[in-house]
Amino acid sequence: MIELTVNGRKHSVDVEPEMPLLWVLRDVLDVKGPKFGCGIAQCGACTVHLNGEPVRSCSVPVSAAANQKVLTIEGLAQRGQLHPVQKAWIDHEVPQCGYCQSGQIMAAVALLAKNRDPSDKDIDAAMTNICRCGTYARIRTAIHAAAKTLKSTKA
Amino acid sequence: MPILFRKSRRDFLKVSTAAGGGLALQFMIPARAIAAGAVAKGPELTAWLVVNPDNSVVIRVARSEMGQGSSTGLAMLVAEELECDWTKVRTEFVSTAEHVRRNRVWGSMATGGSRSIRDSQEYLRQAGAAAREMLVAAAAQRWKVPASECDAENGVITHTLSLRKLRFGQVALAASKLEPPKDVKLKDPKAWNLIGKPARRLDIPDKVRGKPLFGIDVQQPGMAYAAIAQCPVFRGKLATVAGERIKGMRGLIKVVQLEDAVAVVADNWWRADRMLKLLPIEWDVGPNGGASTESIREFVRFGLEDSSVPVARDDGNVEAAFAQAAKLIESEYYAPFLNHAPLEPMNCTALVKGDRVEVWAPTQNAEATHAAAAATAGVPLENVEVHLTHLGGGFGRRGFQDYTRQAVSIAKAVEGRPVKLLWSREEDMQHDYYRPMTLMRFKAALDSSGKLTAWRVRDASHSIMAGVRPQEIKEGIDRHALGGIVDMPYEVPNLRIEFAMRNSHVPVGFMRTVFHSQNPFMRECFVDEMASAAGKDPYEFRRALLQGRPKDLGVLDAAARVSGWGSPLPAGVHRGIAVQDSHGSYAGAVFEVSVSAAGELDIRRVVVAVDPGYVVNPDSAEAQVQSCVAYGLTSVLWGEITLREGRVEQSNFHDYRLMRIAEMPKRIEAVLVPSGGFWGGMGETPLAPLAPALANAIFAATGKRIRSLPLKNQGLRLA
Ligand code: FES
Ligand code: FES
């Protein structure tokens with residue numbers, strides 16, 4: 001049995017320790033926000049936070065998450081309030097097919113947690129997730145907008 | 001113009017007629033369309049919409065949403081005429097079982113060729129107008145006044161003389177009992193309130209919440225999971241599989257053998273995939289086990305040399321014009337196979353129970369999926385229901401039903417249990433219907449004033465139609481493969497177009513913009529070669545040839561104007577231009593680039609002008625231009641599927657590179673110039689002029705012609 005906390009809820013799962021976190025989330029715990037795109041840490045569709053750090057859950061064995069905190073897109077809203085990054089994503093109409101977007105949003109939230117005012121270069125370096133629909137221009141705009149909101153609410 | 005996936009639809013119709021009209025059948029699960037958050041409780045007013053008592057409106061969408069935003073655009077068309085409150089509109093996908101039961105009431109469900117809006121705009125607007133008239137009539141009856149004294153606006157009907165008001169929801173039930181009007185008058189485009197103004201996409205809130213909208217997210221009680229390995233050489237077969245190797249392993253449910261594939265069914269996908277990788281499988285690869293990119297290219301290239309190929313167009317007399325030319329130019333162009341690579345890998349969930357089948361699929365054609373499921377299970381159409389999910393990208397790949405047939409076959413083997421088949425990225429990369437490999441040779445003649453007098457095209461290409469609709473090929477000529485060539489906008493007095501169909505064992509299919517993703521590259525680069533040889537400006541050279549084509553000229557001029565064509569640029573920065581119409585719309589593009597001596601390419605500005613006639617949602621239209629830039633540049637810069645020993649060499653995103661945010665040009669300008677009077681596509685046309693405009697800019701910067709893609713093989717990389 002492996003214990004882990006997902007979006008604030010404790011779970012214990014009876015799976016192989018090497019089973020990737022992504023598949024434990026999706027197929028065992030029915031948490032479908034993180035997506036499967038490549039399975040080899042290339043695309044970032046599976047991005048979740050492990051103790052606040054963005055990780056590519058397709059390439060993290062569940063054993064590495066044992067007794068740790070996992071946050072997925074489903075856990076981002078607080079008391080029904082969307083995260084400012086999610087709000088910026090809506091304001092700027094970022095998603096097209098939407099498949100990459102939970103990963104993009106989790107990567108952006110992690111970036112803004114570390115860097116309150118990322119430059120375009122910082123965004124280029126941190127946001128390595130693939131969007132096949134090419135929503136990049138709007139992702140960039142939305143991250144800058146979310147940074148502004150975060151600054152004004154926290155200042 | 002290509003009409004995608006018609007073959008499947010015809011199959012559907014065939015089976016549909018054979019099954020007759022007795023449709024009063026019980027369904028396993030009540031017919032119900034899946035739609036995030038949509039609740040169609042109230043009465044139906046035409047097949048297209050439901051007005052709930054709370055005044056909210058559910059508009060039915062028969063086409064697939066794969067990111068292009070058409071589910072919102074289609075709803076806007078209905079709502080424009082309905083005069084409902086747009087903030088209370090939701091959508092739901094229609095049920096294919098209902099579609100069969102109701103005699104195809106929702107028309108085509110195919111989503112391809114940028115046809116969703118342009119093919120259905122008229123009947124959708126008519127449905128909205130009919131529903132509005134029914135609501136108004138019901139209110140007028142209640143007030144006992146003539147309907148002509150009543151107006152509908154924003155979900156409220158007003159009796160204009162007494163100013164009495166009723167909300168749509170209050171009269172919807174009564175309205176639903178009225179006969180829909182036979183003839184309805186549609187609004188003048190000048191009176192549109194919704195169409196042409198930016199509207200919020202209805203699917204976005206769920207998408208930023210990570211809601212389980214996609215095929216891969218389907219969850220059913222007792223569901224099993226399947227992973228699949230297909231014969232690595234196309235057209236090969238399964239020989240043997242040693243199933244005992246994984247016997248007794250944790251989670252194993254079944255090993256299923258298909259004609260050309262093996263599937264492992266387990267209690268989660270990771271276990272299924274892991275066991276599959278342990279299975280010793282022998283393939284009978286057939287005669288194609290020795291094929292390579294080089295051998296296929298030689299095979300296709302023979303079409304350029306062949307002395308007897310059919311002629312698709314022969315205006316004037318090219319040979320005579322060549323004999324009198326002041327200047328002759330000749331070039332050969334090449335475009336490789338490409339993979340679609342939607343980010344969501346192929347998947348399908350199926351349940352076979354007795355003679356009934358239920359399918360959940362991210363598909364670009366739910367009707368074709370329905371027909372494929374019925375045929376695979378060997379049951380009548382009436383026994384099938386397909387739930388259309390959102391698509392994690394489609395780009396043409398999901399018009400093919402291979403993964404549906406597999407899922408139903410596997411579900412048959414574990415009857416009574418729903419099973420979700422999911423391909424690994426490696427399977428997806430190596431089992432696509434690829435963009436066809438194409439070669440072209442051009443010869444052109446200029447007179448002493450630099451005017452184009454003759455042009456001969458020899459096109460040697462794979463044909464998509466040969467596999468999909470062979471009846472379209474007439475006397476060896478596939479006009480679909482000649483898109484942008486046989487119907488080129490330029491006026492050329494002597495024009496000869498020859499076509500050599502060269503189909504290898506590699507399956508080919510429709511990929512975003514289809515042949516307009518490679519043919520305009522070749523044609524428009526060669527036009528640049530002509531302009532250079534004539535000593536003329538490439539923009540002016542095109543203008544002269546487009547005098548009879550105001551729409552093409554319009555987008556060319558718009559792109560030139562916005563980009564400041566001809567105005568001075570910083571040292572080292574150069575422009576390239578191209579134009580192309582496709583999918584009912586027109587697009588022109590200008591690139592500004594610089595290229596270092598080491599081959600580092602800096603794309604400084606991209607201007608794309610598009611005329612789709614009418615723009616429904618300008619915000620989505622702009623997003624489609626950006627999307628085309630990312631998709632198109634990915635192909636031009638890196639895109640290439642290669643083969644060795646009959647199989648695809650690329651396997652995942654490490655060796656089939658897709659654009660990331662750092663590589664996306666920072667300055668992209670979408671210039672929408674809708675000229676009105678027609679409805680064109682928006683999801684593909686902007687892509688067509690990109691490759692040639694970029695290649696022409698590279699020529700301007702380096703003096704080196706790009707005649708073969710991708711650019712990474714031409715010593716160029718992004719700065
Ligand atoms: S699925 Fe994990 S990075 Fe692609
Ligand atoms: S929105 Fe489709 S992959 Fe990003």
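With r as the distance between the Cβ atoms of B:S295 and B:S567 and R0 = 51 Å, compute the FRET efficiency 1/(1 + (r/R0)^6) and round to 0.05.
Here the calculated transfer efficiency is 0.55.
Going by a ≥ b ≥ c, the root eigenvalues of the Cα gyration tensor, does chain B fall in the rounded group (a/c under 1.5), the prolate group (a/b larger than b/c) or the oblate group?
oblate
Nearest 5 percent is fine: what portion of the DSSP beta bridges confined to chain B is antiparallel?
75 percent
Give the interface area between chains B and A as buried accessible surface, both sides summed, probe 1.4 Å, in Å² to the nearest 100.
4800 Å²
Tell me the net charge near B:A587. Cut-off is 10 Å between Cβ atoms, B:A587 excluded, with +1 for each Lys or Arg and -1 for each Asp or Glu.
Summing Lys/Arg as +1 and Asp/Glu as -1 gives -4.
Taking the protein assembly as shown on its own, what percent of its Cα-Cα pair distances exceed 40 Å?
The calculated P(r) of the protein assembly as shown puts 40 percent of pairs beyond 40 Å.
Taking only the alpha-carbon atoms of the stretch A:2-75, what semi-axes of the equivalent ellipsoid follow from 5 times the gyration tensor eigenvalues under a square root, in whole Å, largest first?
The equivalent ellipsoid of the stretch A:2-75 has semi-axes of 16, 13, 11 Å.
Excluding B:Y403 itself, what net charge comes from residues whose Cβ is under 10 Å from its Cβ, given Lys and Arg +1 and Asp and Glu -1?
Within the 10 Å Cβ shell, the charges total 0.
Within the set of other residues whose C-beta is less than 11 Å from the C-beta of A:L82, count the net charge using Lys and Arg as +1 and Asp and Glu as -1.
Neighbour charge sum, excluding A:L82 itself: +2.
For the stretch B:187-215, which residues drop by 40 square angstrom or more in accessible area between the chain on its own and all protein chains together (1.4 Å probe)?
B:R200, B:I204, B:K207, B:V208, B:R209, B:G210, B:F214
If amide H atoms are built 1.01 Å from N in the plane of the peptide, which residues on other chains or at least 5 residues away come under 5 Å of the amide H of B:K237?
HN-HN under 5 Å from B:K237: B:D284, B:V285, B:G286.
Can you give the accessible area per residue of chain B, in Å², using a 1.4 Å probe?
Spelled out: the 1.4 Å probe surface of chain B, per residue, equals 35 Å².
In peptide A:38-45, what is the residue-averaged number of other protein chain Cβ atoms found within 10 Å of each Cβ?
For this peptide, the per-residue mean of nearby foreign Cβ atoms is 6.
Counting only protein heavy atoms and a 1.4 Å probe, tell me what percentage of the protein assembly as shown's accessible area is made up of carbon and sulfur.
After summing per-atom areas, the C and S share lands at 50 percent.
Can you tell me what percent of all Cα-Cα pairs in the stretch A:84-154 are more than 20 Å apart?
Of the Cα pairs, 17 percent sit more than 20 Å apart.
Assuming a ≥ b ≥ c are the square roots of the Cα gyration tensor eigenvalues, decide whether the stretch B:392-487 counts as rounded (a/c under 1.5), prolate (otherwise, with a/b larger than b/c) or oblate.
Cα axes put the stretch B:392-487 in the prolate bin.
Using helices alone, I'd like the mean residue ellipticity at 222 nm for chain B: each DSSP H run of four-plus residues gives -39500 (n - 2.57), total over residue count, nearest 500.
The per-residue figure over chain B is -9000 deg cm²/dmol.
How big is the gap, in Å, between the Cα center of the stretch B:240-312 and the Cα center of the stretch B:448-509?
Their Cα centres are 32 Å away from one another.
What are the residues of the stretch B:654-682 that lose 50 Å² or more of accessible area, with a 1.4 Å probe, going from their chain alone to all protein chains?
Listed by number, the residues meeting the 50 Å² cut-off are B:R660, B:I661, B:K666.
Please list, in order, the residues from the stretch B:40-78 whose amide nitrogen is less than 14 Å from a point placed 7 Å along the Cα→Cβ vector of B:Y123.
B:46-49, B:60-63
Put simply, what bits of the stretch A:116-140 lose 20 Å² or more of accessible area when the other protein chains are there, versus the chain on its own (1.4 Å probe)?
By number: A:D124, A:M127, A:T128, A:I130, A:R132, A:C133, A:G134, A:Y136, A:A137, A:R138, A:R140.
Return the whole-Å distance between the Cα centroid of the stretch B:51-69 and the Cα centroid of the stretch B:175-206.
12 Å
Please work out the Cα center distance from the stretch B:330-358 to the stretch B:557-607, rounded to the nearest Å.
What the calculation gives is 33 Å, centre to centre.
Can you give the FRET efficiency for B:E645 and B:E244, using 1/(1 + (r/R0)^6), R0 = 30 Å, r = Cβ-Cβ distance, to the nearest 0.05?
Taking R0 as 30 Å, the efficiency between B:E645 and B:E244 is 0.60.
Considering only DSSP beta bridges where both residues belong to the protein assembly as shown, give the percentage that are antiparallel (nearest 5).
Counting DSSP beta bridges with both partners in the protein assembly as shown, the antiparallel share is about 75 percent.
The values are calculated or read from the model by the stated rules, or taken from the named source; none is laboratory data. The model shown is predicted, which means the values in this text are computed figures rather than measured ones. FYI the Cβ positions are ideal-geometry reconstructions off the backbone, even for glycines, and counts take in every protein chain you see. Surface accessibility is based on the protein's heavy atoms, side chains included, excluding ligands, DNA and RNA. Shrake-Rupley method; radii C 1.70, N 1.55, O 1.52, S 1.80 Å.
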